[in-house]
Amino acid sequence: FASQASIALEHARLHQEIQDLAITDPLTNIYNRRGLERWGQYEIDRAKRFNSSLSAIYFDLDHFKDINDTYGHDVGDEVLREVVNCCQRVIRKIDIFSRIGGEEFFIILPETSLPIAFHVAERIRKTVAGQSFTIKSHKLNITISLGVVELNEDMDELAELVKAADQYMYLAKQSGRNQTAYPTS
């Protein structure tokens, strides 16, 4: 009986490990798109159910293609890891941080109104911009463009929240990059 229990426990542990790998980005060790979909929709549903605030930040690195083209993808990968480290120093453990594309990231901030989310986004932006990254003897200065939105009564799905934040991120890029855009009315 003890050996069967031991085998069952090992199988359960391996199953959990596989589940975790399926929702984690292997480069940055934060959630991938699948992890975002799992936990993001849960947080949206929870915010709707309890009528609580929830905001989101969508950002990407400015001119990231130039970094990869100039210094190589290994340097680009290290830049992504360093930017994630900068963000993790600003956000809370309860926030859902995910890499959803090459250099695109999405953060869900439960229990957070738009003004607070804007403040968090600006702290992230300033932390990244204020950091001088030295990677493989290359000194790099990185900036990011961010879009911030708050969940509203017209949004029920994660995709709607992502799309809205993405639109504001592109507005930040069109307005000159290295800034945060958000709804003002």
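The values are calculated or read from the model by the stated rules, or taken from the named source; none is laboratory data. Keep in mind that what you see is a predicted model, and the values were worked out from it rather than measured. Every residue, glycine as well, gets a Cβ built from its backbone with ideal geometry; the counts of neighbours run over all protein chains shown. Each accessible area value is taken on the protein alone, full model and side chains, heavy atoms only, with ligands, DNA and RNA left out. Shrake-Rupley method; radii C 1.70, N 1.55, O 1.52, S 1.80 Å.
Taking only protein heavy atoms into account and a 1.4 Å probe, give the accessible area per residue of the stretch 72-185 in Å².
On the way: 5590 Å² over 114 residues.
For the stretch 72-185, the per-residue accessible area is 49 Å².
In whole Hz and in residue order, list the ³J(HN,Hα) couplings for the stretch 89-104 that follow from phi through the Karplus curve 6.51 cos²θ - 1.76 cosθ + 1.60, θ = phi - 60°; x for Gly and Pro.
Along the stretch 89-104, the couplings run 6, 9, 7, 8, 5, 7, 6, 9, 10, 9, 9, 10, x, x, 10, 10 Hz.
Per residue of the chain, what 222 nm ellipticity follows from adding -39500 (n - 2.57) for every DSSP H run with n ≥ 4, rounded to the nearest 500?
Working: 6 runs with 96 residues, N = 185.
Calculated at 222 nm, the ellipticity per residue is -17000 deg cm²/dmol.
Taking the Cα centre of the chain as origin and charging only Cβ (+1 Lys, Arg; -1 Asp, Glu), how large is the dipole, in debye to the nearest 20? Working shown, then result.
Numbers: 21 positive and 27 negative charges, 105 e Å.
Dipole about the Cα centre, nearest 20: 500 debye.
Report, in whole Å, the centroid distance computed from the Cα atoms of the stretch 147-184 and the stretch 59-99.
If you average the Cα positions of each part, the centres end up 19 Å apart.
Please report, in debye to the nearest 20, how large the charge dipole of the stretch 113-163 is about its Cα centre when each Lys and Arg carries +1 at its beta carbon and each Asp and Glu carries -1 there.
Dipole size: approximately 780 debye.
Hand me the tally of lysine pairs in the chain: alpha carbons under 27 angstrom apart, and the pair either on different chains or 8 or more positions apart.
15
What is the packing order of peptides 33-44, 105-116, 82-93, taking the mean over residues of other C-beta atoms within 10 Å and listing the highest first?
Working: 33-44: 18.5, 105-116: 21.5, 82-93: 16.2.
Answer by packing, highest mean first, reads 105-116, 33-44, 82-93.
Using a cut-off of 14 Å between beta-carbons, work out the net charge of the residues near Ile94 (Lys and Arg +1, Asp and Glu -1, Ile94 not included).
On the way: positive: Arg46, Arg92, Lys93; negative: Glu43, Asp95, Glu111.
With Lys, Arg at +1 and Asp, Glu at -1, the net is 0.
Counting other Cβ atoms within 10 Å, keep those with at most 10, restrict to DSSP loop, and tell me which trypsin sites (Lys or Arg not before Pro) in the stretch 109-149 are left. Numbers along the way, then the final one.
Numbers: sites: Arg123, Arg125, Lys126, Lys136, Lys139; in loops: Lys136.
Hits after loop and neighbour filter: Lys136.
Ranked highest first by average number of other Cβ atoms within 10 Å, how do 170-176, 144-150 line up?
Values: 170-176: 15.0, 144-150: 26.6.
For the peptides 170-176, 144-150, the packing ranking is 144-150, 170-176.
Rounded, prolate or oblate: which fits the stretch 39-148, taking a ≥ b ≥ c as square roots of the Cα gyration tensor eigenvalues, rounded meaning a/c under 1.5, else prolate when a/b beats b/c? Walk me through the numbers before you get to the answer.
Values: a/c = 2.81, a/b = 2.18, b/c = 1.29.
Prolate, since a/c reaches 1.5 and a/b exceeds b/c.
Quick one: grab the alpha carbon gyration tensor of the stretch 98-144, order the square roots of its eigenvalues as a ≥ b ≥ c, and give me rounded if a/c is under 1.5, else prolate or oblate depending on whether a/b is larger than b/c.
Working: a/c = 3.88, a/b = 1.79, b/c = 2.17.
The shape class here is oblate.
Determine the share of the stretch 80-177's accessible area contributed by carbon and sulfur atoms, expressed in whole percent, with a 1.4 angstrom probe. Intermediate values should be presented prior to the final figure.
Values: 2240 of 4740 Å².
Roughly 47 percent of what the probe reaches on the stretch 80-177 is carbon or sulfur.
Relative contact order of the chain: what whole-number percent is it, with Cα pairs under 8 angstrom and at least 6 residues apart? Numbers along the way, then the final one.
Working: 296 pairs, mean separation 45.9, N = 185.
About 25 percent, as a whole number.
Would you mind working out the magnitude of the charge dipole of the stretch 80-181 relative to its Cα centre, with +1 at each Lys and Arg C-beta and -1 at each Asp and Glu C-beta, to the nearest 20 Debye?
Numbers: 13 positive and 13 negative charges, 193 e Å.
About 920 debye.
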